[in-house]
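The values are calculated or read from the model by the stated rules, or taken from the named source; none is laboratory data. Small disclaimer: the values here were computed from a predicted structure and weren't measured. FYI the Cβ positions are ideal-geometry reconstructions off the backbone, even for glycines, and counts take in every protein chain you see. When the accessible area is computed, the model is the full protein with side chains, heavy atoms only, and any ligands, DNA or RNA have been set aside. Shrake-Rupley method; radii C 1.70, N 1.55, O 1.52, S 1.80 Å.
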Amino acid sequence: MSTLEAPTTPVGGPSLPQERRLVTAIPGPRSQQLLERKAAAVASGVGHTAPIHAVAAGGGVVVDADGNSLIDLGAGIAVTTVGNAHPKVVAAVQAQAAQFTHTCFMVSPYEPYVAVAEALNRITPGDHAKKSALFNSGAEAVENAVKIARKFTRKQGVVAFDHGYHGRTNLTMALTAKAMPYKSGFGPFAGEIYRAPLSYPFRDGLTGAEAAARAIALIEKQIGADNLAAVIIEPIQGEGGFIVPADGFLPALVDWCRANDVVFIADEVQTGFARTGTMFASEQFGIVPDLITTAKGIAAGLPLAAVTGRAEIMDASHAGGLGGTYGGNPVACAAALAAIEVFETEGLTDRAQEIGRILLDRLTRMQASDPRIGDVRGRGAMAAAEFVDPDTKEPDAALTAAVAKACIAEGVIVLTCGTYGNVIRFLPPLSIPDALLHEGLDVVAAALEGR
Ligand code: PLZ
């Protein structure tokens, strides 16, 4: 192994210099060294987007071991919404870790878990009686929401949607729509999962009511409400392409579920916690889900997830039917309580709306002069551009990948998504300064112009 001098590691958080700074090519030599170790030691199925060795992050930047400072337009896939290493989160984590790191909530309960449940019951949509249960990952929350809905309804079928993403565990792979890279070769998958068509205004041209009628007709004909425990949907599709459904689509689905004793589950793992400009995206579509799954932004990067919903549904399970060794780990709960306080006291829903105005304004202007941007869409700090052949509207995944790669080489972390791999999504930490956001978008625009 070559001998590079040990780097001085900067402290993360908002005090990091808020600048894009390239001192080497990406990846630089130290990053290259880590990537070589990764290739030798880590299973090759575990990929990465930006070829860097991250050592610190905060505000709107990620700093690598070579001293490069990259603009962060991905927030670790919608996780560090309050900002990476937010001082209040860091302090809460340090204090809790010094007190105790684990007892297992099922063995010896502790207060931070109960406090997170109380907070979620309070801030999720609807003023009905609610209860929560805590888990470790978004996929685990989705698995448990399905368990709870089946137990409550005594039915088994579950409907998920085209372009849906719900995780990588066996049940959630079955719920996830896209084969590559999530499912291919990993079956057989869990049974009693059905797929319905989504509302995708850019591609189907349907109103919300028409798209809902199409989905409901399929559900009634192919499954039947008597066999259906739950309908699960992301209010705005995340991995599937940041697809915002047409107005009226979600309310019609909720109404149908209510009339047919079917549990409506909103998967807000990606849309939750101020990201879309409201605490939860469901609020923007005027719906109150029966159950809501959350993760990602809830604990600023510590592994925590939850199912929250109507008390009578959440209480359907027999005692001991729900749980797990680590679910609601005290350190993760301390981080969540700090993050929720930040969401509520630092005006983050307003900040997400401001970021959304900047993103949509800039992207719409790029679209006006570049017909390869077929669609610009999103809510708040969850916005995207869909790249297509201007004549046929065929997805242009090659252009999308080339633009994303060029941005990363220029020090801007952008993520792609979409069933057809032709969407660049923007989901920065809400702590990003405006100037950095604009600079990041300048780099995207230049990358697009150059090809
Ligand atoms: N539900 C809506 O967005 C996770 C996945 C990244 P976990 N999305 C990022 C990847 O390639 O693995 C997600 C989501 C929605 C569920 C999940 C799953 O959450 O915490 O990754 O299990």
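For the stretch 52-82, the residues whose amide N sits under 14 Å from a probe point set 7 Å from the Cα of THR8 along the beta carbon direction are 67.
In a fully extended conformation the segment linking VAL23 and ILE123 would gain 31.6 nm over its present Cα-Cα distance, using 0.36 nm per residue.
From most to least packed by mean Cβ count within 10 Å, the peptides 289-296, 233-240, 92-99 give 289-296, 233-240, 92-99. On the beta carbon distance between ASP226 and HIS48, with R0 = 41 Å, the FRET formula returns roughly 0.35.
Per residue, the accessible area of the chain comes to 40 Å² when a 1.4 Å probe rolls over the protein heavy atoms. Count Lys and Arg as plus one, Asp and Glu as minus one, and take only other residues whose Cβ is under 15 Å from that of PRO14; the net charge is then -2. The alpha carbon centroids of the stretch 301-316 and the stretch 174-222 are separated by 24 Å. VAL263 sits among other residues whose Cβ lies under 13 Å from its own Cβ, and their net charge, with Lys and Arg +1 and Asp and Glu -1, is +3. Evaluate E = 1/(1 + (r/R0)^6) for ALA95 and THR392, where r is the Cβ-Cβ distance and R0 equals 41 Å; express this FRET efficiency to the nearest 0.05. Efficiency computed from Cβ-Cβ geometry: 0.10.
Computed over the alpha carbons of the stretch 88-345, Rg followed by Dmax gives 17.9, 57 Å. Shown for the stretch 88-345: the carbon plus sulfur share of the solvent-accessible area, taken with all protein chains present and a 1.4 angstrom probe, equals 54%.
Overall shape: oblate for the chain, with the ratio a/c of the largest to smallest alpha carbon gyration tensor axis at 1.5 or above and b/c at least equal to a/b.
With contributions of -39500 (n - 2.57) from each DSSP H run of at least four residues, the per-residue ellipticity at 222 nm computed over the chain stands at -11500 deg cm²/dmol.
For the listed residue pairs LYS155/LYS221; LYS147/LYS178; LYS88/LYS131; LYS130/LYS221, the alpha carbons are over 21 angstrom apart in LYS147/LYS178; LYS88/LYS131; LYS130/LYS221. Computed over protein heavy atoms with a 1.4 Å probe, the carbon and sulfur contribution to the accessible area of the stretch 360-433 reaches 53%.
Taking a Cβ cut-off of under 12 Å around ALA50, the surrounding Lys, Arg, Asp and Glu residues balance to a net charge of -2, with basic ones at +1 and acidic ones at -1. What number do you get for the stretch 332-451 when its Cα radius of gyration is normalised by 2.2 N^0.38 Å, N = residues? Normalised Rg, Cα atoms only: 1.15.
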